[in-house]
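*Asks:* One structure is given below, represented as structure tokens, and several questions about it will come after.
Where a number appears in this text, it was derived from the coordinates with a stated rule and is not lab data. Predicted model only: the values in this text are computed from it and were never measured. Virtual Cβ from ideal backbone geometry, glycine too; neighbours counted across all protein chains shown.
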Amino acid sequence: GVPNAVLEAMACELPCVLAPFFRDSTQLGQAEQHFILVERSPAALAKTLLKVTERPEEARRTYGRQARALMIDTMSMNHAVKVHCDL
């Protein structure tokens, strides 16, 4: 499955830090474009979260805008209806 909390955060233009998860779903976009990928360890997560907070606001917003655009393109109601109609 796809983690709904991540989809909701991306739709709200929030920069997301993700660790690899089962099958690395492509529904979440591309690492370093739509989200920041970090090794699955508490130390790596903490280090990356600190780096994100230290980045300029515009850099954080860029991740958020790109993530929201992806959500609109791939998760919107219009897209879901089209996918079901095509099916």
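*Asks:* Given an 8 Å cut-off on Cα distances and at least 6 residues of separation, report the relative contact order of the chain as a percent.
*Replies:* 36
*Asks:* If you compute percent of Cα pairs over 18 Å apart for the structure shown, which of [x] 51; [y] 42; [z] 46 do you land on?
*Replies:* [z]
*Asks:* Same structure again: Which cross-chain or sequence-distant (5 or more) residues have an amide H under 5 Å from the amide H of LEU37, H modelled 1.01 Å from N in plane?
*Replies:* HN-HN under 5 Å from LEU37: LEU18, GLU32.
*Asks:* Here's another thing I want to ask about it. Would you calculate the separation in nanometres between label points at THR62 and ALA31, each defined as 7 Å from the Cα along the Cα-to-beta-carbon direction?
*Replies:* According to this spin-label approximation, the distance is 1.9 nm.
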